[in-house]
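What follows is calculated from the coordinates using simple rules that are stated; it is not laboratory data. Note that the structure is predicted; figures quoted are calculated from it, not measured. Glycine also receives a Cβ, built like all others from the backbone with ideal geometry; neighbour counts cover every protein chain displayed.
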Amino acid sequence: MSDIIESTAVTLSENNSLPVTKADLSALTEKRAVIRSLIKNELKEGVDFGVIPGTPAPTLYQPGAQKLTQLFGLRTEVVQVSQVIDHVGSFAMFIYKASVYHIRSGVKITECEASCNSMEKKYATRGVWKKNERGVSEKTQEPTPIYDIMNTIMKMAQKRALVGAVISATGASDFFTQDIDDAEDAQQVGIKPSGSINSGAPKELTVS
C-alpha cells in the first residue's frame, strides 16, 4: 500500500484533505520531464512557441499545442459559443470553447473558452498610405473594416481556446502562457520587449 502524504493544496474540510500518494508525485515529476524533453528536442522557436523578452513564459503556438496533444494521446474539439456582428458599428466578436479528450478512454479532461474582437488594439486600426496636402505620401491610421478581419479574429478566438485548453490539460502552464499572443499584446499590458529573444526564456527551455 502506498504511503500517504497529506495534501495542503486542496482542503475538503477543516480536518480532512485529499490524499496524495508518492506514486502521484512521481508521475507528476515524470510528466514535467516529458514536457521538458519535448520542448528541448521537438519544439522549434518561432514555429511552435515564441519568446518575448520580459514576459514570464514563452507563448505556445497552435503547432506546439498540437504536438503536445499527440504526445499525451489527446484530441481536441472546438465549437463556437457565441458571436456578435454589428455591421453598422463595424464590430465583431467571437467566443469559442475548446474541449480536450483522452483518446483511449474518451474522458473529457478540460475545456477552455476564449474570445477575440475587432476592437482589440492590434485589429482596431490599420496603417494606410495617403497623400497629404503637400502631395507627399505618409502613413496614417484608420479604423479597420470588420469585413477585412472577420476570418482573422474568428481563427484567433479558436486558437486561443485550443491553446489554453491544451496547456491546462497537459499541465504545461509552468512552461507556457496563452495570455500573450505577440509583442503587441505584451506592450498593451505594460511589458516592453527588449534585448535578445533568448533573454526572456525560462530555465526549462534552456536546460541542457
Q: Would you please state which residues of segment 140-173 a label at T110 would reach in this model, taking the label point 7 Å out along Cα→Cβ and a backbone N cut-off of under 11 Å?
A: 163-173
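Given R₀ = 25 Å, what would the calculated FRET efficiency be for T152 paired with V88, taking r from the Cβ atoms and rounding to 0.05?
Details: r = 21 Å, r/R0 = 0.83.
Once rounded, the FRET efficiency stands at 0.75.
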Q: Quick one: what are the phi-derived ³J(HN,Hα) couplings along segment 55-62, Karplus 6.51/-1.76/1.60 with θ = phi - 60°, whole Hz, x for glycine and proline?
A: 8, x, 7, x, 8, 7, 9, 4
Q. Quick one: length gained pulling N41 to K139 fully straight, 0.36 nm per residue minus the C-alpha distance?
A. 31.0 nm
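Rounded if a/c is under 1.5, else prolate if a/b is larger than b/c, else oblate: which is segment 27-117, with a ≥ b ≥ c the root eigenvalues of its Cα gyration tensor?
Numbers: a/c = 2.94, a/b = 1.47, b/c = 2.00.
Verdict is oblate for segment 27-117.
Once you sort the root eigenvalues of the Cα gyration tensor of segment 58-110 as a ≥ b ≥ c, which label holds: rounded (a/c under 1.5), prolate (a/b larger than b/c) or oblate (the other case)?
Values: a/c = 4.83, a/b = 2.06, b/c = 2.35.
Taking the square roots of the gyration eigenvalues as a ≥ b ≥ c, segment 58-110 is oblate.
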Q | Alpha carbon centroid spacing (whole Å) that separates segment 41-64 from segment 72-138 | A | 19 Å
Q) Tell me, what ³J(HN,Hα) does each residue in segment 66-80 have, in order and in whole Hz, if you take phi through Karplus 6.51 cos²θ - 1.76 cosθ + 1.60 with θ = phi - 60° and put x for Gly and Pro? A) 5, 5, 5, 5, 5, 4, 9, x, 10, 9, 10, 9, 10, 10, 7
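Order the peptides 99-107, 21-29 from the highest to the lowest mean number of other Cβ atoms within 10 Å of their residues.
Working: 99-107: 13.7, 21-29: 11.2.
The packing order, highest mean first, is 99-107, 21-29.
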